[in-house]
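Structure first, commentary second.
The values are calculated or read from the model by the stated rules, or taken from the named source; none is laboratory data. Please read these numbers as outputs of a predicted model, since none were measured by experiment. Reconstructed Cβ throughout: ideal geometry from the backbone, glycine too, with neighbour counts over all protein chains shown.
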Amino acid sequence: MPASFEARRVTALRHIEFLKNLEQLRFTGQLVQTDAAGQRWNFYFCQGRLLYATGGPHPVRRWRRNLLTFCPRIPTYRLAWQADLAKVDPTKHEFSWEYALLNLWVTQQRIKLEQAEKFIDAAITEVIFDVMQATEVTEKIQYSKTFSPLFQPIEVDMAVGKADLWQQRWHQAGLEGYSPNQAPIIKQPDQLRQLGSAQLYQTLIHLLDGQRTLRDVAVEMRRDVVEITSALQHFNQMGLVEFTSIADLPGLVFQREPPRASQIMVTPTSALIACVDDSSTVRNMMEQLLITSGYQFLGVEDPLRAIGILLARKPDLIFLDLIMPNVNGYEICEKLRKISCFRKTPIVILTGSDGYANRLRSNFVGASDFLSKPLNAEAVLGVIHKHLQPASDLSSVQL
């Protein structure tokens, strides 16, 4: 493969690495990925698995295409969707009107569960593919206790694998300079007429009107988008067809109630969280989770240098691995508690062995809390919230 594609693929895999980290952390909530142009994609998780994904340049077009493909008996016009959405209880659906409507139609037996799950699988794969093409992607997460699956959640590795295969096919067809979100439009109709049958010409005139993306055209022709784009690429190179950018179709209005007090997690702004752990995997996961949650992060690999580094930065909360080379977490915790500036700093012990003896000794050396590995996002964010929640918020937030 050309080096340019390899470099692009490394960038793509870096973009989706965060999805895999959230899977390992058994994260529940929303991940928003934003590229340099301001394009946003939304992923919804429950216990580290994907519930749904949406966003990008054409979420409504994607919705309509998947209806045509997987739910052909459902109307494909906006007014019908809006009328059905009015029947949905907004308190039961925290994120997407798309997910809410699929659940409604399954409940009404207008579509089968299998149809909805194929729809969701296709939507997630397409969104991941588009994220893999993006540059300079940044992440932000929003933890939620309330997200729950209405359909079978999808494993991140499985979804990423499908998107990666699609990306490789796109490259192998020589389509790197194109996007399936572009819309083909005929620029030289007379010349195009001479290249094929009258029936083919009439089909192309109808579909290549600049109002349908390559993905839309592929669905309407019941053909593969790579195959369609490869065929049209020839006409594009001849100057007969041009690929342009177009807007999405109008979306729906989905009224949501504000979250109840029990769902609110107060995030102290700009708090510095340290993690002393010799495992780069743990530090990297913690860094991505905490930075996208609005915290500053300090990772410390060498436990022998930990006290000096912590003294220099004075973090607001410290995660401390129990088992490390040369010195253990108990010893570091005990030494930190003897330093005046760390006497009241929350210190959370991390360990793969969750036993009564470990918890007792952690308390004895002055640890504030104790988390078991493998870590999960809810527990990590929860313990931070528990120890760093501003006193002024305690009376106003119910948990």
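To keep it simple, each residue is scored yes or no on (1) modelled with pLDDT of 95 or more; (2) in a loop (DSSP other than H, G, I, E, B).
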{"residue": "ASN181", "(1), (2)": "yes, yes"}
{"residue": "GLY196", "(1), (2)": "no, yes"}
{"residue": "TYR201", "(1), (2)": "no, no"}
{"residue": "ILE205", "(1), (2)": "no, no"}
{"residue": "ARG215", "(1), (2)": "yes, no"}
{"residue": "ALA218", "(1), (2)": "yes, no"}
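Apart from one condition, ASP278 fits all of (1) under 21 Å from SER372 (Cβ atoms); (2) in a loop (DSSP other than H, G, I, E, B); (3) in contact with a strand residue (DSSP E or B) (Cβ under 6 Å, 6 or more places away or on another chain); (4) modelled with pLDDT of 90 or more; the exception is (3). Pairs meeting the criteria (first residue in the range 184-195 and among the charged types (D, E, K, R), second residue not in a loop (DSSP other than H, G, I, E, B), beta carbons under 8 Å, at least 6 apart or on different chains) are LYS187/VAL241; LYS187/GLU242; ARG193/TYR201. Kindly indicate whether any position in the range 143-161 is more than 30 Å from LEU104 (Cβ to Cβ) and in a loop (DSSP other than H, G, I, E, B). There is no residue in the range 143-161 that is more than 30 Å from LEU104 (Cβ to Cβ) and in a loop (DSSP other than H, G, I, E, B).
Residue check: LEU22 meets all listed conditions (1) within 28 Å of LEU289 (Cβ to Cβ); (2) at pLDDT 95 or above but one, namely (2).
Answer with yes or no whether PHE119 is outside any strand (DSSP E or B), more than 12 Å from the chain's Cα centre (by Cα) and under 26 Å from GLY382 (Cα atoms). In short, no.
So that you can scan it fast, the table gives a plain yes or no per residue for (1) within 22 Å of the chain's Cα centre (by Cα); (2) surrounded by fewer than 20 Cβ atoms within 10 Å (Cβ to Cβ); (3) not assigned by TED's automatic domain parsing to the domain that holds ALA163:
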position: ARG40; (1), (2), (3): yes, yes, no
position: PHE43; (1), (2), (3): yes, no, no
position: CYS46; (1), (2), (3): yes, yes, no
position: HIS58; (1), (2), (3): yes, no, no
position: ARG61; (1), (2), (3): yes, no, no
position: LEU68; (1), (2), (3): no, yes, no
position: PRO75; (1), (2), (3): no, yes, no
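Does VAL88 meet the test of being β-branched (Val, Ile, Thr), in contact with a Leu (Cβ under 9 Å, 6 or more places away or on another chain), in a helix (DSSP H, G or I) and in the same structural domain as ILE154 (by TED's automatic domain parsing)? Outline the logic, then answer.
On the way: β-branched (Val, Ile, Thr): yes; in contact with a Leu (Cβ under 9 Å, 6 or more places away or on another chain): yes; in a helix (DSSP H, G or I): no; in the same structural domain as ILE154 (by TED's automatic domain parsing): yes.
When the stated conditions are applied, VAL88 does not pass them.
The single condition among (1) free of Cβ contacts under 8 Å to residues at least 40 places away in the same chain; (2) on the phi > 0 side of the Ramachandran plot that GLU136 does not satisfy is (1). For SER179, the stated conditions do not hold, so it cannot be described as more than 26 Å from LEU50 (Cα to Cα) and not basic (Lys, Arg).
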